[in-house]
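What follows is a set of notes on a single structure, which appears directly below.
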Amino acid sequence: MSPFTPSYILPTELSKFGLPPESVQSDILTLIQMASSLIDVECGRIDGDGNGSLAYTTYVQRNLLQTRNRNLVTLAMKPVVAVSAATVAELALSGSAADANYYYTGVVANTTFAPWGELSGIIGASGRYGYTRQDMSMAYPDLQALINPLNLVTLWGGPAPWVQIDITNTDYDKSTGELWIPAGLQLQRYAEVLIHYNSGYDPRNMPNAIKHVCAALVKNALGKGGGTTGMTSMMVQGAGNAQFSERLLDPTLDSYLRPYKTLRAY
C-alpha cells in the first residue's frame, strides 16, 4: 500500500469545487495533496513523529496528571472518535486499491464500548504511580502511596511500572477531548498516564469547510502564477530578482480552519 497522502478533494470532485481536470492542469492532483498537507500542518494535526491528519488517525499521548485530586486529562487531538473494525477494513481496502492512498492513515480500530453503550474512541490506556509535583505532594507521593504495593519498586530505585487502565470505566467529551480516568489501586491517583485514542474525520466524507479551503488554496496557487512554486516572475539574469506570491493561506481561509485547529499547551 502506498504511504498515506491526504487529498481532501478527490479526483471525482474536481468540477464540484471549480477545479480544472487533469487534461487541462496536469498537476492538479499534486496541488490538491500539497494543499491538504498544508491544512494538516496549519491545524496542528502532525505529531512529533510526523504522524497525523484530519483524517482518522490513531494518536498516543503521554500526560503528567497535574490537577490535584482530579483524574482528568485533555486529549490534544479533537474530535475524539470511535472507528470500527469494519470502517478500518474499508479504508485499508480503498487505500490499497487506489494509485495513491487518500484514505488509510494506519488508524487502529476501536473495540471497547463506553459506559453509555457506544463504541469508545479510546483504544487503550495505562498509568503509573510516582513522584508528583512538589506543591501537590502530601506524602510519598500521596497518602495512599505507602499501602500501594506498586510503589515498593520505587522505594529502592527504578521507574514505576506501567499498569493497564480499564477503559470501560473512562468517560470523555468528544468535542473538548477531556478524559476522566478512574482511580488506581488503593484509590491512589496515577502520576502519569499514556493514552491511545482515535481522532479526526472520515476521509471519504470530510467537512465541507475543509474541502472549500483546500480548493481555495489550489486556486490561489494557480492564480498566483506558480502552481507548485508560487513564483510570479524571475529575471533571466538570475534568481536573485525572483518575486514570490503572498501566503496562500490568507486570513479569510484561516478563519474557516479555526474550528479544526489543535491548541497544545506544555
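The values are calculated or read from the model by the stated rules, or taken from the named source; none is laboratory data. Nothing here was measured: the structure is a model prediction, and the numbers come from that model. Cβ atoms come from the backbone with ideal geometry, glycine included; neighbour counts cover every protein chain shown.
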Of the residues that make up segment 111-126, is at least one modelled with pLDDT of 90 or more, of a type in the set (Phe, Trp, Tyr) and in the same structural domain as residue 193 (by TED's automatic domain parsing)?
yes
Given the conditions (1) modelled with pLDDT of 65 or more; (2) of a type outside the set (D, E, K, R); (3) in a helix (DSSP H, G or I), which single one is not true for residue 106?
(3)
If you take the residues of segment 115-128 that are of a type outside the set (A, V, I, L, M, F, W, C) and outside any loop (DSSP other than H, G, I, E, B), which of them is nearest to the chain's Cα centre (by Cα)?
124
Among the listed residues 112, 12, which satisfies the condition of being β-branched (Val, Ile, Thr) and either closer than 25 Å to residue 254 by Cα or under 22 Å from the mean Cα position of the chain (by Cα) (or both)?
112
Going through 76, 89 one at a time, which residue ends up being out of contact with any helix residue (DSSP H, G or I) (no Cβ under 9 Å at 6 or more places or on another chain) and part of a loop (DSSP other than H, G, I, E, B)?
76
